[in-house]
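Visitor: Got a structure here, written out as structure tokens. Questions coming.
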Amino acid sequence: MFNNYNILCFKVLSCHSPIGYQDKHVLENYFYYDEKECQFIPVTYGPAERVIYTLSLWILVGAVITAVSLSLLTFSVGSPAEIALKAENKELYEQLYETRESIEYLDQQIALIAGMDNDIYRTMLGIDPISDDERLAGVGGADIYSRFDAYSEPSSDLLRWTASNLKSIERRIISKNSALRKFRLITIKTKTG
């Protein structure tokens, strides 16, 4: 039955005699088969081998528990790079909201300047006021902000709003600059004329 094997390991869990007597000398142990003696011999370990075996087992179990813990932590909390990106995104959102408030303030100031321009300077010189359509020159056309569609809806909306209002302010400032140049030319002509 064991002719091809030099060593065969198996575990004896208990040894009962027919009358229920348990041999106290045979505990859980590993055996190997010695072909020369034709018998099973118990495998014995020295103290150093037991320490190495125990430490190896604990290191292996510790490594498995650590790997499982880290993977669960990474899935629930995120990797350090993800945590850093979340913090960066939060800071960028806050900065964009502050920029939004600044844009709204600048928009109000430009509207105030445009109103003063129409009420005071244009009526005093008898020039027709600039219409709102002229002030918002260049509005409409293709969707130039479609590149923001790749982001989440709140991010996309905030980026679209910021970019479109900055462009609007830029166009209104250019329009105001053009109107002031015309105003300057008219003023010079009226003084010399």
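Visitor: Check off (1) modelled with pLDDT of 80 or more; (2) touching a Pro at 6+ places or on another chain (Cβ under 6 Å) for residue 122 and give me the number that stays unchecked.
Guide: (1)
Visitor: So the check is Cβ under 9 Å with 6+ separation or different chains; which pairs have a first residue in region 30-48 that's in contact (Cβ under 8 Å) with a residue 40 or more places away in the chain and surrounded by 11 or more Cβ atoms within 10 Å (Cβ to Cβ) and a second one that's in a strand (DSSP E or B) and aromatic (Phe, Trp, Tyr)?
Guide: Listed by first residue and then by second, the contacts come to nothing, as the list is empty.
Visitor: Let me ask something else about it. Please tell me if residue 107 is within 39 Å of the chain's Cα centre (by Cα) and of a type in the set (Asp, Glu).
Guide: For residue 107, the condition - within 39 Å of the chain's Cα centre (by Cα) and of a type in the set (Asp, Glu) - is met.
Visitor: Is at least one residue of region 47-63 at pLDDT below 90 and either among the acidic types (Asp, Glu) or over 52 Å from the mean Cα position of the chain (by Cα) (or both)?
Guide: yes
Visitor: Does residue 106 fit the bill of being at pLDDT below 90 and not in a loop (DSSP other than H, G, I, E, B)?
Guide: Values: at pLDDT below 90: yes; not in a loop (DSSP other than H, G, I, E, B): yes.
So residue 106 passes the test.
Visitor: Residues 113, 103: which one is of a type in the set (Val, Ile, Thr), under 28 Å from residue 156 (Cα atoms) and assigned by TED's automatic domain parsing to the domain that holds residue 185? Outline the logic, then answer.
Guide: Working: 113 fails: under 28 Å from residue 156 (Cα atoms).
Just a single option satisfies the conditions, and that option is 103.
Visitor: Right, next: Here are some conditions: (1) out of contact with any helix residue (DSSP H, G or I) (no Cβ under 9 Å at 6 or more places or on another chain); (2) modelled with pLDDT under 85. Residue 37 meets all but one. Which one does it not meet?
Guide: (2)
Visitor: Report, by residue number, each residue of region 149-173 that is loosely packed, with under 13 Cβ neighbours inside 10 Å, over 17 Å from residue 100 (Cα atoms) and not acidic (Asp, Glu).
Guide: 150, 152
The values are calculated or read from the model by the stated rules, or taken from the named source; none is laboratory data. Note that the structure is predicted; figures quoted are calculated from it, not measured. Cβ atoms come from the backbone with ideal geometry, glycine included; neighbour counts cover every protein chain shown.
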